[in-house]
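Trainee: Quick one: the structure is below, and I'll ask about it shortly.
The values are calculated or read from the model by the stated rules, or taken from the named source; none is laboratory data. Quick caveat: nothing in here was measured; it's all calculated off a predicted structure. Reconstructed Cβ throughout: ideal geometry from the backbone, glycine too, with neighbour counts over all protein chains shown. Accessible surface areas use protein heavy atoms only, side chains included; no ligands, DNA or RNA. Shrake-Rupley method; radii C 1.70, N 1.55, O 1.52, S 1.80 Å.
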Amino acid sequence: MAEAKAPYNPLLVLSYGTIIALWVGCQYVLIPYVANLMLLVTAILYAGCHWSLSLREEQAAARGETPGGEGGGDGDDDAHGPPAEVLRKEDAMLFPIIGSCSLFGLYLAFKFFDKETVNLVISFYFCAMGSFAIAGVLGPVLEGAGPAALGRRIGWHRTVNHPLPESVGGKSPWKIGFDCSHADLLAFAGGVAFCVRYFYTKKWFLNNVLGICFCLK
């Protein structure tokens, strides 16, 4: 069955238009800082929340649930796709610990390694994650606005058994793979090209694009 096309949302279109207009406009016109910040943050928040709700509905549909919250089968999670991602109390308690360890590790890296090497590694990581962020934002746009061929999906899935304890490696087997459309691949290629350009130039307006994509995804 073909997926139902998402209804037209004028506020979402206005949010994207605002983000693009502010990004392009600030290259040529001096926009007051407060106005730029308030409009950009509001537009990004609305678009990001919209995508979060869309992802929640997609995950529910993958589990066979109806919009009313009723399951579509005998309750077997594996039969209805991946379980919902839920932030647990234990996860929230680990946030400050993980953050502190990350900052301390960064401090040690700058203290015992060459500054240029550390900056190179961080830039490479930032660009790698940025490629996926750009693909996540641009892919649905290309799929919706481009020809039908861009909507064709490809995938690869495998299960891998592992000997690690469940507390370390999770349940065995691991389920690995990917599922994407031709539009996603095209968007990822564009994201890689964009991030390579940013890696060598470090232009601030390119950095803004990556920051916006991170916020949206």
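Trainee: In straight Cα distance, which lysines are under 21 Å from residue 203, not counting same-chain residues fewer than 8 positions off?
Mentor: 115
Trainee: While we're looking at this one, here's another question. Taking the full set of protein chains and a 1.4 angstrom probe, give the accessible area of residue 157 in square angstrom, rounded to the nearest 10.
Mentor: Accessible area of residue 157: about 120 Å².
Trainee: Project the alpha carbons of region 163-216 onto their principal axes and report the range along each, largest first, in whole Å.
Mentor: 46, 27, 22
Trainee: Taking K and R as +1 and D and E as -1, what net charge do the other residues with C-beta under 10 Å from the C-beta of residue 154 add up to?
Mentor: On the way: positive: 152, 153; negative: 179, 184.
Residues near residue 154 contribute 0 overall.
Trainee: Under the Kirkwood approximation applied to all pairs of distinct alpha-carbon atoms, what is the hydrodynamic radius of region 126-189 in Å? Working shown, then result.
Mentor: Details: mean 1/r = 0.0734 Å⁻¹.
Across region 126-189, the inverse of the average 1/r is 13.6 Å.
Trainee: For a protection proxy built on the mean count of beta-carbon atoms within 10 angstrom, sort 35-44, 133-142 highest first, please.
Mentor: Working: 35-44: 14.9, 133-142: 19.9.
Descending packing order for the listed peptides: 133-142, 35-44.
Trainee: I need the peptides 9-20, 196-207 ranked by packing, meaning the mean over residues of other C-beta atoms within 10 angstrom, with the highest value on top. Spell out each step's value before the answer.
Mentor: Details: 9-20: 14.2, 196-207: 12.3.
In decreasing order of mean packing, 9-20, 196-207 become 9-20, 196-207.
Trainee: Here's a follow-up. Rolling a 1.4 angstrom probe over the protein heavy atoms, how many square angstrom per residue are accessible across region 128-217? Intermediate results must be reported in sequence, preceding the final value.
Mentor: Details: 5710 Å² over 90 residues.
Computed with neighbouring chains in place, this is 63 Å² per residue.
Trainee: Given 10 Å bins starting at zero, what is the percent of C-alpha pairs of region 94-217 in each, up to the one with the largest pair distance?
Mentor: Percent of pairs per bin, in order: 11, 26, 30, 26, 6, 0.
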